[in-house]
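Single-structure report; data block below.
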Amino acid sequence: MLTNAPRGTKDILPEQVRNWLRLENKIRELCALYGYEEIRTPTFEHTELFSRGIGEGTDVVEKEMYTFTDRGDRSITLRPENTASVVRAWLQNKLYANAGLTKLFYIGSMFRYDRPQAGRLREFHQFGVEALGEKNPAVDAEIILLAWEFLHSLGLTELSLKINTVGCPECRPIYRRKLTEYFTENADDLCADCRRRLEKNPLRILDCKVDRDKDFMEDAPRIETCLCDDCREHFNALKKFLTAAGVEFTVDSRLVRGLDYYTKTAFEIQYAPLGAQSAVAGGGRYDGLIRELGGDDTPAVGFAAGLERILLALELQGLLPAQTKKIAAFVVSGGSAAEVYAFKLLTDLRRQNISAVMDFAKKSMKAQMKSAAKSGAKFALIVGDDEVASSTVTVKNLETAAQEQVPIAQVAEKIS
Ligand SMILES: [Zn+2]
Ligand SMILES: [Zn+2]
């Protein structure tokens, strides 16, 4: 127990942290390019924020949240996603007062009690973007492009973009009725979950993993036939913007998000080699959410990308090169006077921005030289009684084996 992390969590070890940093740096670089600013919200929130913001009746809220009562008798939940928190922060801090459009991004841990498998953990990491306050479909296109360019810039090739529209509170009820009618006729062939969805959320039947290949799915009514003018124009405009940006996409009428505050655009980017867990980024418009969380009616659009899955995709494509750490200097000392002298040298080098380490185990100088060679350091800086007496350091280039005795004041200059 004590030496095992909880199921569904993972240590990110130093050699992996380098890959994470690369990903995070790319995110920050790209978001700056698109004018999105970073926001960091708390890891836990009042449970109600998520039950309202994600929706009662969703799997996340019903089965997957880490919810507990704190010592003050409040119901608290570890965030299972970040959109609701961003909207809460936007409302609480009146970020809407600044300008028409607020453009934010986040990187952080999310928590869901789910069956752990490749690319899916109970504590997992997401990068996401939210644009609050604008209904223009150009914003939908902008965030899709940001997600797309991000994944491309990492070197991933087998990516595909699927888009759809899920209508709005005006036209979706008509579609919903059509779907309910259609699936009621086929109710005997639906899985148990979908029979329940039939009343609550018939749209979700469209993306059911169990029923997706059954014959009647093929002929299910499509939303195109029900869209209102506003939704139709929005979707057409989005397609024009994406085409103008040179991004290939397919329209997938089964791509749905069932809740009422999701409106119009839905999209997903898949990396096919990942198989069943191929979605690496997904999002869409949520014009009804801000009102649901107590704000004024405000249009908004966003996406989230799973960083574990993206790293898995990079690994599959051989894009995670082994990176070697580089230390400039390894300080080697013999004798207790030399040890203090060496420690001062070590400190001086670091103050001059030169990376340096030394061995603290009081090993023989021969053993320390071995450690120096193994460390990958470029120079060994050797100090013994002679060097202490003459205020010098023996500088050995570990790549060429050349060595010379240098006054201690000139060491930094010598090796930088
Ligand atoms: Zn509509
Ligand atoms: Zn089903």
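Bear in mind that the values in this text are calculations on the coordinates, not laboratory data. All of these numbers come straight from a predicted model, not from anything done at the bench. Here the Cβ positions follow ideal geometry from the backbone for every residue, glycine too, while neighbour counts run over all protein chains shown.
Select from segment 263-353 those trypsin sites (Lys or Arg not before Pro) which occupy a DSSP coil region and have at most 13 other Cβ atoms within 10 Å, ordered by residue number. Working shown, then result.
Working: sites: Lys264, Arg285, Arg291, Arg309, Lys325, Lys326, Lys344, Arg350, Arg351; in loops: Lys325, Lys326.
Answer by residue number: Lys325, Lys326.
In percent, what relative contact order does segment 329-415 have, based on Cα pairs under 8 Å that are 6 or more apart in sequence? Walk me through the numbers on the way to the answer.
Details: 129 pairs, mean separation 27.5, N = 87.
Normalised by residue count, the contact order of segment 329-415 is 32 percent.
So if we plug the beta-carbon distance of Thr400 and Asn25 into 1/(1 + (r/R0)^6) with R0 = 41 Å, what FRET efficiency do we get, rounded to 0.05?
Working: r = 33 Å, r/R0 = 0.81.
For Thr400 and Asn25, the calculated efficiency is 0.80.
What is the distance, in nm, between label points placed 7 Å from the Cα along the Cα-to-Cβ direction at Met1 and at Arg195?
Label-label distance for Met1 and Arg195, simple model: 4.1 nm.
Kindly state, to the nearest 0.05, the FRET efficiency for Arg351 paired with Arg232, given R0 = 51 Å and r defined as their beta-carbon distance. Don't skip to the answer; put the middle values down first.
Details: r = 65 Å, r/R0 = 1.28.
Efficiency at R0 = 51 Å is approximately 0.20.
What is the log10 of I(q)/I(0) for segment 329-415, computed with the Debye formula using one identical point scatterer on each Cα and no solvent, at q = 0.12, 0.18, 0.20, 0.24 Å⁻¹?
These q points yield log10 I(q)/I(0) values of -0.28, -0.67, -0.84, -1.28.
Express the relative contact order of the chain as a whole percentage, based on alpha carbon pairs under 8 Å and six or more residues apart in sequence. Don't jump to the answer; show the numbers that get you there.
Numbers: 672 pairs, mean separation 58.5, N = 416.
RCO, the chain: 14 percent.
Please arrange Met1, Met110 by counting, for each residue, the other beta carbons lying within 10 Å of its beta carbon, fewest first.
Working: Met1 4, Met110 19.
With the sparsest Cβ surroundings first, the list reads Met1, Met110.
Using alpha carbons only, what's the Rg to Rh ratio of segment 173-217 with Rh from Kirkwood? List each step's numbers first, then the result.
On the way: Rg = 9.3 Å, Rh = 10.2 Å.
When Rh is taken as the Kirkwood radius, the ratio is 0.91.
Quick one: longest stretch of the chain between exposed loop GluC sites (Glu not before Pro), exposed meaning at most 12 other C-beta atoms within 10 Å and loop per DSSP? The partial results should precede the final answer.
Numbers: sites that count: Glu56, Glu248, Glu399.
Free of exposed loop sites, the longest segment is 57-247.
Students often get this wrong, so check it: of Lys370/Lys396; Lys63/Lys200; Lys94/Lys135; Lys63/Lys209; Lys326/Lys363, which have C-alpha atoms separated by over 21 Å? Don't skip to the end; give the middle numbers.
Numbers: Lys370/Lys396 13 Å; Lys63/Lys200 17 Å; Lys94/Lys135 19 Å; Lys63/Lys209 18 Å; Lys326/Lys363 23 Å.
Table pairs above 21 Å Cα-Cα are Lys326/Lys363.
Would you mind computing, in nm to one decimal, how far apart the modelled labels at Lys370 and Glu38 are, each placed 7 Å from Cα along Cα→Cβ?
4.2 nm
In terms of the ratio Rg/(2.2 N^0.38 Å) built on C-alpha atoms, what value belongs to segment 66-136? Intermediate results must be reported in sequence, preceding the final value.
On the way: Rg = 15.2 Å, N = 71, 2.2 N^0.38 = 11.1 Å.
The reported ratio for this selection is 1.37.
Helix 83-92: angle to the longest alpha-carbon principal axis of the chain, degrees 0 to 90, nearest 10?
Between the helix axis and the principal axis of the chain, the angle is about 90 degrees.
At 0.36 nm per residue, minus the direct Cα-Cα distance, what do Arg222 and Cys208 gain on full extension? Give it in nm, one decimal, please.
On the way: separation 14, 0.36 × 14 = 5.04 nm, distance 1.56 nm.
Between Arg222 and Cys208, full extension yields 3.5 nm more.
Set the Förster distance to 22 Å, then compute FRET efficiency between Ile76 and Asp114 from the Cβ-Cβ distance, nearest 0.05. Can you show the working numbers first?
Numbers: r = 19 Å, r/R0 = 0.88.
Efficiency, rounded to the nearest 0.05: 0.70.
Which residues in segment 129-172 have a backbone N closer than 16 Å to a point placed 7 Å from the Cα of Leu316 along the Cα-to-Cβ line?
Answer for segment 129-172: 151-152, 154-162.
With label points built 7 Å along Cα→Cβ from the Cα atoms of Val251 and Tyr66, find their separation and express it in nm.
4.2 nm
Mind checking which of Phe235, Phe360, Phe216 has the largest fluctuation in a GNM of the chain, springs on alpha carbons under 10 Å?
Fluctuation is largest for Phe360.
Cα-Cα pairs above 38 Å in the chain: how many percent? Before the final figure, lay out each step's value.
Numbers: 33199 of 86320 pairs.
That tail contains 38 percent of the Cα-Cα pairs.
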